[in-house]
Amino acid sequence: MVNILELHRIEGIGLNEIKKALPDSVPDDLLTGRLDKMTNKGDIRFDGNYFLVRPSFADALEGIDNERTAQVIACRINGQTLEEIAQALGGLTRERVRQIESNFLKQLSAKYAQMDEDKYEYIYTAYELNRELMKRYLGFSDITVYYLENRYKETNTKQPVDERMLDDPLIPDSLKRKIEKYIFSKKIRIGNEYVEAKRNLVEEALFPILCKDAISYYDFVEKYNEFVTENQKPELLIPKDNIRVSMTETSSLRTRSHTVTRSR
């Protein structure tokens, strides 16, 4: 039972799905009785689905009885460096701050084999999650991000965050929907394809669309800027101040079979 709930810690699992995962020989009354008992003990909670209950890192922080340790961990969660904390608290060296943090994390690991935040172990250790994705799109708190970064050290075996994640059966659908928004926030649709939102790549992809006939470079920039503005990508705009104009020189900017005339 616990193993089934463990596999569905993020989204939970319904009663019918639990039944399907168990042998047919398990009576319904035995199953519901077991679930009720686990719920009453606080081992699981029911909220439309059943969720396995684990102590959270946030709860553990509230239980810190040493004021100096609590200050250090709070500062680290807020992103302060060891040096900054040592100076802010006074009377501590950078190394002493590091020791306080390290000792706390070791004690926590010894006390709790699993915490609620460990439900994200797979996605964090398998993929190159950055803070923007974790906090802005997945909705992880600073506390959760800090826990994951310290519980699971970086490796060189992580996979990049791209469309292939959306086919990973081990990632719950609720996370996939958020990941999809992040992935395509870094891309822009041109025709029937998504192009990485980098100016040189977008320019190249737009040339055959905007320049079917020869047009001036300035007309291209105008159309290009209109396109990226409509797609809410202001960071891709070509600043007109960067265009140097000379009345006596004309050149052509070519890409494949398309030509843009640029006056300088």
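Amide H contacts under 5 Å for Gly14: Tyr50, restricted to partners 5 or more places along the chain or on a different chain, H placed in the peptide plane at 1.01 Å from N.
Among the trypsin sites (Lys or Arg not before Pro) within the range 135-204, which fall in a DSSP loop and have no more than 11 other Cβ atoms within 10 Å of their own Cβ? Mind showing how you got there, number by number?
Working: sites: Lys135, Arg136, Arg151, Lys153, Lys158, Arg164, Lys176, Arg177, Lys178, Lys181, Lys186, Lys187, Arg189, Lys198, Arg199; in loops: Lys153, Lys158, Lys186, Lys198.
Hits after loop and neighbour filter: Lys153.
Computed 3J(HN,Hα) for the range 24-32, one whole-Hz value per residue from the Karplus formula 6.51 cos²θ - 1.76 cosθ + 1.60 where θ = phi - 60°, is 4, 6, 7, x, 4, 5, 5, 5, 5, glycine and proline marked x. In order along the range 190-199, phi translates into HN-Hα couplings of 10, x, 9, 10, 9, 10, 4, 6, 10, 4 Hz, rounded to whole numbers, per the Karplus curve 6.51 cos²θ - 1.76 cosθ + 1.60 with θ = phi - 60° and x for Gly and Pro. Within straight-line reach of Lys176, meaning a Cα separation under 17 Å, sit the following aspartates and glutamates at least 8 residues removed in sequence or on another chain: Glu11, Glu121, Glu128, Glu132, Asp162, Glu163, Asp167, Asp168.
In sequence order, the range 46-56 has phi-based couplings of 10, 9, x, 10, 8, 10, 6, 9, 10, x, 9 Hz under the Karplus curve 6.51 cos²θ - 1.76 cosθ + 1.60, θ = phi - 60°, and Gly or Pro positions carry x. For Asn49, neighbours were defined as the other residues whose beta-carbon sits under 9 Å from its Cβ, and their charges (Lys and Arg +1, Asp and Glu -1) total -3.
Near Ile215, the amide H atoms lying under 5 Å from its own belong to Thr261; only residues 5 or more places off or on other chains count, and H is placed 1.01 Å from N. Extension gain, Asp43 to Tyr194, is 49.8 nm, computed as 0.36 nm per intervening residue step minus the present C-alpha separation. Helical runs assigned H by DSSP (4 residues or longer) give the chain a calculated mean residue ellipticity at 222 nm of -14000 deg cm²/dmol, each run adding -39500 (n - 2.57) before division by the residue total. With every protein chain in place and a 1.4 angstrom probe, the accessible-area ranking of Asp118, Asp59, Asp142, Asp65, largest first, reads Asp65, Asp59, Asp142, Asp118.
Read through the labelled values [x] 0.93; [y] 1.15; [z] 0.99 and report the label of the one computed as Rg/Rh (Cα atoms, Kirkwood Rh) from the structure. Checking each listed value against the structure points to [y]. Once both labels are positioned 7 Å from their Cα atoms along Cα-to-Cβ, the gap between Glu95 and Asp28 label points is 6.7 nm.
Loop only by DSSP, 14 or fewer other Cβ within 10 Å of the Cβ. Give me the chymotrypsin sites (Phe, Trp or Tyr not before Pro) in the range 143-236 that pass, ordered by residue number.
On the way: sites: Tyr146, Tyr147, Tyr152, Tyr182, Phe184, Tyr194, Tyr217, Tyr218, Phe220, Tyr224, Phe227; in loops: Tyr152.
Within the range 143-236, the qualifying chymotrypsin sites (Phe, Trp or Tyr not before Pro) (loop, at most 14 other Cβ atoms within 10 Å) are Tyr152.
The values are calculated or read from the model by the stated rules, or taken from the named source; none is laboratory data. Quick caveat: nothing in here was measured; it's all calculated off a predicted structure. Don't worry about glycine lacking a Cβ; one is built from the backbone with ideal geometry, like all the others, and counts go over all protein chains shown. Ligands, DNA and RNA are stripped out before the accessible areas are found, and what is left, the full protein with its side chains, is counted by its heavy atoms. Shrake-Rupley method; radii C 1.70, N 1.55, O 1.52, S 1.80 Å.
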